[in-house]
Amino acid sequence: MEQPVVELRGISKRFAKVLANDNVSMKIGKGEVVALLGENGAGKSTIMKILYGLYHETSGEIYVDGVRRRINSPKDAMDLGISMIQQHFSLVEAHTVTENIILGTVKGKIDFKKEEEAVQKLSDEYDFGVPAGARVGDLPVGIQQKVEILKALHRQTRILIMDEPTAVLMPQEIGTLMSFVRKFAEAGNSVIFITHKMKEVMEVADRIIIMRNGRITGEVRKDETDTKELARLMIGHDLEILSKEGTAEDAGRKKRLEVRHVTVQPKDAPAVLTDINFEIYEGEVFGIAGVSGNGQQELCEMIYGDLRPTSGEILLDGEDITPLGVAGRIEKGIGYCASDRYRYGMVANMSLAENMMLKASYLKKWDRHGVISWREVDRYTQKIIEDYQVKAPDASVPAGSLSGGNQQKVVVAREADMGSRLVIFDQPTRGLDLGAINNVQKVILRERSEGKSVLLISTELSELFELADRIAVMYQGRFMGIFDPQDLTTEKIGLLMAGVSMEEMTLRKEERTDE
Amino acid sequence: MQNIINLLTRAIFMSTPLILGALGEVIAERTGMMMCAVEGIFLTGAWAGFAGCYLSGNMAVGFLAALICGMLVAMLYGFCTIYLTQHQIVMGTAVAILMTGFCTFFYRVVFGIPTSPLKIETLPVLKIPGLCRIPVIGQVLFSQNIITYITWLIVPVVFYVIYKTAAGLTIRSCGENPEAVEVAGINVRRIRFLAVMVGGCFGGVAGAYYSLCNVGMYNSEIISGRGWIAFGICFLGNWNPVGALLFGILFGISEAVGIYIKAVGGSGIPSELFSALPYMLVIVLTALRKQFNVPAKLGATYVKED
C-alpha cells in the first residue's frame with residue numbers, strides 16, 4: 001500500500017474498569033472504503049471516536065499522512081480533514097439545516113442568506129434534495145442523515161467516518177447512501193463504515209476489518225471472503241444452526257389460543273383491527289408478517305389485555321379470557337416481549353434481579369410473609385444469566401449497563417418464563433447483533449418444542465420463514481390470509497403486505513398469460 | 001393625568017433591574033444553564049454595590065464592585081454545575097441561600113451594627129436634553145438614570161448577538177444539543193461557563209440598582225424575590241431579549257402600582273396584597289402560557305466522556 005492517509009498504531013483505551021480497545025492498529029488508504037465490522041460493544045465506535053478526538057487514547061499513536069498527530073478534540077480532527085457522523089445524529093433539531101451545517105465553522109456576524117445559498121448549492125451538487133432553510137426536526141431521518149453528510153462535505157472532509165449509518169434507513173435510502181459512499185471514495189476520499197451487518201459490508205467495502213472484544217480479529221479483502229468467515233471472525237465461533245423439529249399438524253394437538261372475530265374500533269377513528277380470526281395450537285409458532293404499523297402492536301396489546309376488543313372474543317385453552325385485564329392474563333400464563341424493550345420491557349436504572357420480578361412482583365412466587373425474598377430472586381436471576389448466556393457479572397448490575405442484545409436476552413428470559421402457555425414476541429430481534437439474534441431465535445424454538453404457543457411478529461421475512469409454522473400477513477388491521485410458509489415466496493408476501501390479495505395475484509397472472 | 005405619568009415613570013424605573021437580570025438569565029439559559037442562583041447574585045450585587053459606593057464615595061466603583069461580585073458568585077455556581085457536574089437547580093438554590101448569609105455576615109463585618117441605617121445618595125436622574133421635553137414620554141422614558149438607558153441599549157445588542165452571530169448560534173446550540181456542539185469541535189463547558197459569567201455580571205449590576213438607585217441603603221430584605229421574578233421573566237419572554245424587555249416593563253408596572261396603592265392607601269384592600277402583585281402575576285402568566293420555546297437541554301447537566 002502507498003502512504004496510508006490514516007494509521008493507528010497500538011491504540012488502547014480503558015474506561016474505568018473496561019478495556020474498550022486493546023492494541024488496535026489499522027491503516028486506511030486513499031480512495032478506500034473500509035468497513036469496520038463487529039458486534040455491538042466490540043469497540044468499533046470507541047476506536048473511531050478516538051480518531052475523531054471525542055475520546056482520548058490511553059496509549060498508542062495516530063498518524064495522518066505519515067505525520068504523528070495528537071487529536072485532542074473534534075476540532076483537531078476536522079482541521080486534519082476527518083469527520084465523523086455519529087450513530088445518533090448530532091443535530092440541533094430546533095435549528096435550520098444551514099444553522100446546523102455552519103455551526104463551528106463561522107465567525108462574527110453570520111450572513112444567513114449567503115450561507116443558505118452555499119448549503120443549497122452543495123446539496124444540489126450531490127443531488128441530496130435537502131432544503132437548506134428547513135428546520136431539522138421537521139425532516140425525516142433519511143434526510144437528517146444527509147444533513148450530517150453535508151456537514152462533513154461543508155468542512156472539506158477527506159476521511160469520513162460513519163457509525164452504523166444504515167440503522168435508521170429504509171431499504172431504498174440504503175441504496176442511495178451506498179452509491180454516495182462509492183462516489184465519494186472514487187473522488188479520492190476515504191470512508192470508514194462502521195456496521196454489524198454483513199450484507200452491507202459485502203456491498204460497499206473494499207477491505208473489511210473485523211473487531212471483537214476490543215481487538216482486531218481479522219482483516220480481509222472483500223473479494224477473498226464470504227459471510228460465513230466474517231460471521232466466525234465476528235462472534236468467535238460458527239453460528240448455531242437452528243433446527244425445527246416436528247410440525248404443528250401432529251394429530252391430537254389442541255388449540256391453545258383462539259381469537260374469534262375480534263374488532264377493535266376506537267371512538268371517532270377507523271378500526272385498528274378488523275375481524276381478526278385465528279388460532280394457535282400448542283407447540284406452534286404463529287408468525288405475523290407486515291409493514292410496521294399495520295395493527296401488529298394492537299394485535300399484541302389485544303391479546304395481552306391492554307386493548308379491549310369492541311367485539312369478538314379471546315379464548316385460552318377454551319376458557320374465555322376476554323374480560324380479563326393485563327394482570328389476569330399474566331396469571332393465566334401469557335408472556336409479552338414488547339418491540340420497544342426500553343419503554344415497555346425494563347427499567348434501565350434497576351438491577352437485573354429487580355427487572356426479573358418487575359412484572360410479577362404481586363405474584364406470590366417470591367413472597368415470604370409479605371416481604372420480598374431477595375435471596376430467592378437473586379438466585380433465580382443468576383440461573384437466568386447462566387441459562388441464557390447473558391453477559392453480566394451478577395444479578396445486581398443495572399439492566400441499562402448491559403449491551404442491547406444482553407438486555408433483550410433478559411427480557412426474553414423473563415417473558416418466556418412468565419408465559420407458561422403463550423409467549424408473544426413482537427420483533428424480538430430488531431436491532432440486535434448476530435450472536436444475540438441467534439440466541440433469541442433458539443429460545444423461541446425451544447419454547448415451541450416445550451409445547452408452548454408462540455405468537456411471533458417480525459418485519460424480517462427470513463426470520464418468519466425460518467421459525468414460523470404458519471404465517472398471517474397483516475395489512476391495515478386485517479389479515480390478508482393465513483398461509484403455510486411453503487406456499488409463500490418473498491415476492492408473494494411482499495405483495496400481500498402491500499394489500500394485494502392472493503385472488504388478485506392469480507387474476508393478474510391469468511391476465512398476463514392470456515396476453 | 002400627572003399621577004399616571006408619575007406611575008409610568010416609576011414603572012419604567014422599577015423595570016430596569018428586572019430587564020437587566022432577565023437578559024443575563026436569557027444568555028445563560030440559552031446555553032442550557034438554568035441559573036437559579038440569580039436571587040443570590042442580585043443580593044450580592046446589592047451588597048457589593050452599596051459597600052463599594054459607601055466606602056469609596058463613588059457610584060461607578062459601587063457598580064463595578066457589584067459587577068465583579070455578581071460574576072464571582074456566578075463563577076462559583078458555574079464551577080459546581082459545569083465542572084463538578086452537580087445538579088443545576090439544587091446548586092442554584094444552595095448558592096442563593098449561601099449568599100443571603102454571606103451578605104448579612106459581611107455587612108456586619110464591614111459596617112458593624114449601625115444604630116441608624118447607613119445611607120448614600122441615590123443615582124441621579126439623567127435627563128436627555130431635548131427628548132425630555134416631549135410631553136408625557138419625555139418624563140416617562142427620558143428622565144431616567146443612566147443604568148436604565150444602558151439597559152435599553154443592551155437589549156438590541158443581546159438580540160443581535162444571539163440571533164445574528166456565530167457566537168449566538170453556538171450559544172443557542174449549546175442549550176439545544178450540547179453533544180452536537182462538542183462534535184462540531186467547540187468546547188461546550190467553556191461556552192456555558194462564559195455565558196454564566198456574563199449572566200452574573202448582569203445580575204450583579206441589577207442587584208446594585210436596588211441599593212444604589214432605588215433606596216440608597218442596604219438591608220438583607222432589599223431583593224426579596226426580585227431575582228426570582230427576573231428568572232420568571234426570562235421564561236415568560238420565551239428566552240428572547242425583546243420578550244424580557246416587554247415582560248420586564250409589565251412587572252415594573254405591577255410593582256409601581258403596588259407602591260402607588262400602598263402610598264395612597266384607604267382603598268380598603270390591604271396594601272400587602274399589592275406588594276404581592278408581581279409574584280402572583282408570575283404564577284398566573286406562567287400558568288396561562290400555552291407554548292414555551294424552552295431550550296431542549298435547559299437544566300440538564302452536560303457530562304463529557306473522555
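Read the figures in this text as sums done on the coordinates, not as results from a lab. Being a predicted model, the structure only gives us computed values, none of them experimental. Note: ideal-geometry Cβ built from the backbone for every residue, glycine included; neighbour counts use all protein chains shown.
The table below gives the values:
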quantity: Note, ³J(HN,Hα) from phi for segment A:224-233, Karplus 6.51, -1.76, 1.60, rounded to Hz, x at Gly and Pro; calculated: 10, 9, 9, 4, 5, 5, 4, 4, 5, 5
quantity: Of A:LYS44/A:LYS121; A:LYS13/A:LYS228; A:LYS44/A:LYS107; A:LYS255/A:LYS492; A:LYS44/B:LYS304, pairs whose Cα-Cα distance is over 26 Å; calculated: A:LYS44/A:LYS121; A:LYS13/A:LYS228; A:LYS44/A:LYS107; A:LYS255/A:LYS492
quantity: Candidate aspartates and glutamates for bridging to B:LYS262, where Cα separation is under 14 Å - those fewer than 8 sequence places away on the same chain excluded; calculated: B:GLU272
quantity: Gaussian network model of chain B, Cα within-10 Å springs - most flexible of B:VAL183, B:VAL158, B:VAL198; calculated: B:VAL183
quantity: Chain A: antiparallel DSSP beta bridges as a percent of all, rounded to 5; calculated: 55 percent
quantity: Long-range amide H partners of A:GLY60 with built H, under 5 Å; calculated: A:SER12
quantity: Relative contact order computed over chain A (Cα-Cα under 8 Å; 6+ residues apart), in percent; calculated: 14 percent
quantity: Projected label distance in nm at B:VAL215 and A:VAL500, using a 7 Å step from Cα toward the beta-carbon; calculated: 8.3 nm
quantity: 10 Å Cβ shell holding at most 11 others, DSSP loop, GluC sites (Glu not before Pro): longest site-free stretch of chain B; calculated: B:1-120
quantity: Backbone HN-Hα couplings from phi across segment A:485-494 [Karplus 6.51/-1.76/1.60, Hz, Gly and Pro as x]; calculated: x, 5, 7, 10, 10, 4, 5, 4, 4, x
quantity: For segment B:2-288, fraction of C-alpha pairs farther apart than 30 Å, in %; calculated: 30 percent
quantity: Between segment B:207-233 and segment A:293-309, the Cα center-to-center distance that results, in Å; calculated: 59 Å
quantity: Reachable lysines from A:LYS383, criterion Cα separation under 24 angstrom, eight or more residues apart if same chain; calculated: A:LYS332, A:LYS359, A:LYS364, A:LYS365, A:LYS391, A:LYS409, A:LYS442, A:LYS452
quantity: Cα-Cα pairs of chain A separated by more than 46 Å (percent); calculated: 22 percent
quantity: Share of Cα-Cα pairs in segment A:344-418 lying beyond 21 Å, as whole percent; calculated: 17 percent
quantity: Reachable lysines, given that their alpha-carbon falls under 18 Å from the alpha-carbon of A:LYS30 and they are not under 8 places away in the same chain; calculated: A:LYS183, A:LYS222
quantity: Inter-centroid distance (Cα atoms) of segment A:202-216 relative to segment A:80-140, Å; calculated: 30 Å
quantity: Part-to-part distance (alpha-carbon centres) for segment B:151-206 and segment A:468-515, which is given in Å; calculated: 59 Å
quantity: Considering only segment A:6-235, percent of DSSP beta bridges that pair antiparallel, nearest 5; calculated: 55 percent
quantity: Under DSSP loop assignment and at most 12 Cβ neighbours within 10 Å, longest trypsin sites (Lys or Arg not before Pro)-free interval of chain A; calculated: A:268-515
quantity: Qualifying trypsin sites (Lys or Arg not before Pro) for segment B:228-306 [loop in DSSP, other Cβ within 10 Å: at most 15]; calculated: B:ARG289, B:LYS290, B:LYS304
